[in-house]
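Before any comments, here is the structure.
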Amino acid sequence: MYRTHTCGELRIENKGQQVTLAGWVQKARKLGGMTFIDLRDRYGITQLVVEADAPAELVEVATSLGREYVIQVQGEVVERQAKNAKMPTGDIEIKVCGIRVLNKSVTPPFTIEDNSDGGDDLRMKFRYLDLRRNPLREALMLRHKIAHEVRNYLDAKGFMEIETPYLIKSTPEGARDFVVPSRMNPGQFYALPQSPQTFKQLLMVAGYDRYFQIVRCFRDEDLRADRQPEFTQIDCEMSFVEQEDVLNTFEGMMRTLFKNVLDVEIPNPLPRMSWYDAMDKYGSDKPDIRFGMEIHEITDAAKGKGFGVLDGAAYIGAIAVPGAAEYTRKQVDELTEWVKRPQVGAKGLIYIRVNADGTYKSSIDKFYGAEGLAKIAAAAEAKAGDLILVMSGDNKRKVQTMLGVLRIEMGNRLGLRDPKVFAPLWIVDFPLLEWDDETQRFYAMHHPFTAPKPEHEKWFYSNAKEDLERVCANAYDFVLNGTELGGGSIRIHDAEMQKRMFEVLGIGPEEAEYKFGFIIHAFQFGAPPHGGLAFGFDRVCALFGGSDSIRDYIAFPKNNQGRDMMIDSPSEIDDTQLDELQIKLDPKA
Ligand code: ASP
């Protein structure tokens with residue numbers, strides 16, 4: 001037997017017991033002839049002590065131990081002289097009578113401590129060492145716990161976990177596919193699933209009316225900090241349901257997770273907000289509702305004073321930042337530069353200080369007297385002490401989006417976004433389609449399998465752009481603290497309607513047949529009404545852990561260039577492999 005206990009287990013009640021432990025040497029130090037060793041495994045750390053008068057061989061082994069050596073020790077549990085209240089095992093230590101070195105270790109490239117001295121790249125390269133550290137161990141434990149709770153909840157509700165293939169044909173979810181060449185079918189490629197969307201719908205046609213899967217998805221996108229080329233979804237689908245049924249089921253799941261994992265009660269029922277309200281008030285379809293600072297349209301209040309920028313704008317919006325009237329000129333200038341960065345894209349920023357004494361000071365004093373500014377302040381619902389920030393432009397949604405980004409930034413600066421406070425909500429009533437000026441065509445806002453609301457079908461079959469633009473879907477997103485954690489919709493289950501959808505999206509009948517024939521055909525064999533959603537599992541884990549980095553919650557993630565630093569992938573393949581696949585590389589390209 002390698003061990004009788006783990007390194008996180010022994011307490012004062014175990015005093016006097018003979019035990020065997022195994023683990024890694026966190027550190028060893030000599031003190032007045034005695035050797036103290038911190039022994040670590042995934043359960044914790046236990047202090048070992050080799051007394052000064054222990055047999056010489058034992059002292060010799062103890063003093064020869066290096067960091068990360070794997071050892072097995074025998075000894076007696078004794079009460080510690082100097083107790084450590086911070087450690088669960090801090091009341092005891094093991095008086096060692098035998099040590100066996102199970103394996104040596106070269107010196108690790110960084111310290112295996114909560115606050116490691118290793119940089120990101122180094123820790124990614126030696127991920128297996130990084131994973132020995134507490135913060136990552138706790139993150140993976142949290143992930144395990146959440147997965148377990150999800151499975152329990154869904155199983156109790158009659159959901160079946162069914163796997164779907166990874167080598168498939170492209171499923172459009174708005175990103176590029178990763179493709180895999182087929183050796184047996186030269187010149188042909190599989191695509192890795194961006195999600196199991198079509199397969200889960202086919203399972204509904206097959207009669208498996210409650211499906212879920214904790215499943216890997218692949219999207220070849222330009223990576224941002226919180227994106228990974230492969231990520232995990234909690235993917236779900238149900239038959240014979242309306243939006244209400246889906247929302248209730250998964251609101252219940254999230255409530256259970258919050259309760260069982262974090263011991264947090266979330267509101268019952270959860271708030272719901274229409275996509276239109278979210279855009280108007282928060283400039284985002286994933287609003288952070290932990291703080292106010294809502295966007296107000298001030299178009300009428302601000303126009304007609306001879307100030308060209310505003311007079312010429314189609315939409316003028318403002319936020320009132322509480323307590324920021326004291327911002328110095330320098331701070332406001334810095335903020336103006338901030339909104340001009342390409343990530344925000346504003347042309348400029350107008351400010352109005354609402355001073356504590358009720359007077360105003362603004363960048364547009366020349367055009368607006370006290371009365372004009374008071375009118376704007378009223379429209380922006382600003383109070384004394386607020387700093388009003390104004391943006392304008394031709395496109396209402398664009399201006400709102402920029403104000404939304406600024407609002408989040410101000411929320412961060414004012415410390416209003418505490419990761420320990422949770423404010424989940426549903427965003428509902430998304431538009432079905434989104435017009436793109438550049439390509440002059442409609443795109444599906446969610447995906448092409450989302451159904452129009454029944455009461456909007458008349459517009460869906462119209463060919464007028466204005467009609468198509470106002471079609472809404474029973475599509476919904478689960479949003480938490482400014483992050484979209486999940487989303488889904490009620491689906492099309494009628495072959496003719498699915499064909500119409502492809503037509504609206506500019507996908508001709510032949511292309512539709514080639515790419516999506518399988519699902520259109522399936523719908524002819526008795527497809528039940530159905531709907532579902534998927535949660536971004538990595539993000540759920542990160543937010544539950546109070547972090548915004550999903551990387552820490554994935555055992556072996558990729559870096560921002562999509563590389564696995566540890567196995568050094570992607571990498572070239574050899575000529576034989578290329579030949580077998582009948583692939584020729586073009587070195588020029
Ligand atoms: N397949 C969708 C997604 O990945 C989720 C859904 O509609 O169920 O976003």
Every residue from region 553-589 that is of a type in the set (Gly, Ala, Ser) and open to solvent by 80 Å² or more (accessible area, probe 1.4 Å) = 571, 589
Wholly within region 411-460, which strands (runs of 3 or more DSSP E) include no fewer than the required count, namely at least 1 residues that are free of Cβ contacts under 8 Å to residues at least 12 places away in the same chain?
-> 433-436
Considering only helices (runs of 4 or more DSSP H) fully contained in region 493-589, which possess at least 2 residues that are over 24 Å from residue 215 (Cα atoms) and among the charged types (D, E, K, R)?
-> 495-504, 509-522, 575-580
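Confirm whether residue 188 is surrounded by 19 or more Cβ atoms within 10 Å (Cβ to Cβ) and either on the phi > 0 side of the Ramachandran plot or free of Cβ contacts under 8 Å to residues at least 40 places away in the same chain (or both).
Working: surrounded by 19 or more Cβ atoms within 10 Å (Cβ to Cβ): no; either on the phi > 0 side of the Ramachandran plot or free of Cβ contacts under 8 Å to residues at least 40 places away in the same chain (or both): yes.
Spelling it out, it is not the case that residue 188 is surrounded by 19 or more Cβ atoms within 10 Å (Cβ to Cβ) and either on the phi > 0 side of the Ramachandran plot or free of Cβ contacts under 8 Å to residues at least 40 places away in the same chain (or both).
Please report, ordered by residue number, the strands (runs of 3 or more DSSP E) entirely within region 152-240 with at least 2 residues that are away from the ligand (no atom under 14 Å from the Cβ). Can you show your working first?
On the way: elements: 179-181, 189-191, 210-218, 230-239.
Ranges flagged: 179-181, 189-191.
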Residues of region 220-237 being over 16 Å from the mean Cα position of the chain (by Cα) and either surrounded by fewer than 19 Cβ atoms within 10 Å (Cβ to Cβ) or closer than 14 Å to residue 153 by Cβ (or both), in sequence order, are 220, 236
Verdict on residue 478 being over 18 Å from residue 196 (Cβ atoms), at pLDDT 95 or above and more than 12 Å from the ligand (Cβ to nearest atom) = no
Scanning for something of a type in the set (S, T, N, Q), in contact with a strand residue (DSSP E or B) (Cβ under 7 Å, 6 or more places away or on another chain) and either within 17 Å of residue 273 (Cα to Cα) or within 16 Å of the ligand (Cβ to nearest atom) (or both), does region 491-509 turn up at least one residue?
-> no
Which listed residue is under 23 Å from residue 107 (Cβ atoms), out of contact with any helix residue (DSSP H, G or I) (no Cβ under 9 Å at 6 or more places or on another chain), surrounded by fewer than 13 Cβ atoms within 10 Å (Cβ to Cβ) and of a type outside the set (Gly, Ala, Ser), from 11, 29 = 29
When (1) under 27 Å from residue 547 (Cβ atoms); (2) open to solvent by less than 60 Å² (accessible area, probe 1.4 Å); (3) in contact (Cβ under 8 Å) with a residue 60 or more places away in the chain are applied to residue 260, the one that fails is (2)
Filter result (under 21 Å from the mean Cα position of the chain (by Cα) and in a loop (DSSP other than H, G, I, E, B)) within region 266-287 | 266, 270, 271, 283, 284, 285, 286, 287
Could we say that residue 180 is in contact with a Gly (Cβ under 9 Å, 6 or more places away or on another chain), over 20 Å from residue 542 (Cα atoms), of a type in the set (A, V, I, L, M, F, W, C) and open to solvent by less than 50 Å² (accessible area, probe 1.4 Å) here?
-> no
Mind checking which residues of region 429-453 are surrounded by fewer than 19 Cβ atoms within 10 Å (Cβ to Cβ), of a type in the set (Phe, Trp, Tyr) and within 16 Å of the ligand (Cβ to nearest atom)?
-> 443
Identify the residue in region 304-326 that is surrounded by fewer than 18 Cβ atoms within 10 Å (Cβ to Cβ) and within 18 Å of residue 382 (Cα to Cα) and, among all such residues, is farthest from the chain's Cα centre (by Cα).
-> 326
Hits in region 361-395 - residues which are open to solvent by less than 60 Å² (accessible area, probe 1.4 Å), without any contact (Cβ under 8 Å) to a residue 60 or more places away in the chain and hydroxyl-bearing (Ser, Thr, Tyr) = 362
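With 518, 478, 502 as the choices, which residue is open to solvent by 10 Å² or more (accessible area, probe 1.4 Å) and among the aromatic types (Phe, Trp, Tyr)? Don't jump to the end; show me each part of the working.
Working: 478 fails: open to solvent by 10 Å² or more (accessible area, probe 1.4 Å); 502 fails: open to solvent by 10 Å² or more (accessible area, probe 1.4 Å).
Just one listed residue meets the conditions, 518.
Across region 241-253, what is the total count of residues that are more than 15 Å from the ligand (Cβ to nearest atom) and either touching a strand residue (DSSP E or B) at 6+ places or on another chain (Cβ under 8 Å) or open to solvent by 20 Å² or more (accessible area, probe 1.4 Å) (or both)? Working first, answer last.
Going residue by residue through region 241-253, those that are more than 15 Å from the ligand (Cβ to nearest atom) are 242, 244, 248, 251-252.
Then keep just the ones that are either touching a strand residue (DSSP E or B) at 6+ places or on another chain (Cβ under 8 Å) or open to solvent by 20 Å² or more (accessible area, probe 1.4 Å) (or both); that gives 242, 244, 248, 251.
Going through region 241-253 one residue at a time, the tally reaches 4.
Yes or no, residue by residue, for (1) touching a helix residue (DSSP H, G or I) at 6+ places or on another chain (Cβ under 8 Å); (2) under 20 Å from residue 137 (Cβ atoms); (3) touching a residue at least 24 places away in the same chain (Cβ under 8 Å); (4) surrounded by 15 or more Cβ atoms within 10 Å (Cβ to Cβ):
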| residue | (1), (2), (3), (4) |
| --- | --- |
| 6 | no, yes, yes, yes |
| 59 | no, no, yes, yes |
| 65 | no, no, yes, yes |
| 71 | no, yes, yes, yes |
| 75 | no, no, yes, yes |
| 80 | no, no, yes, yes |
| 86 | no, yes, no, no |
| 100 | no, no, yes, no |
| 110 | yes, yes, no, yes |
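The values are calculated or read from the model by the stated rules, or taken from the named source; none is laboratory data. If you're wondering where the values come from, they're calculated on a predicted model, not measured in any experiment. Methodologically, a virtual Cβ is constructed for each residue, glycine included, from the backbone with ideal geometry; neighbour enumeration extends over all protein chains shown. For accessibility, only protein heavy atoms count, side chains too; no ligands or nucleic acids. Shrake-Rupley method; radii C 1.70, N 1.55, O 1.52, S 1.80 Å.
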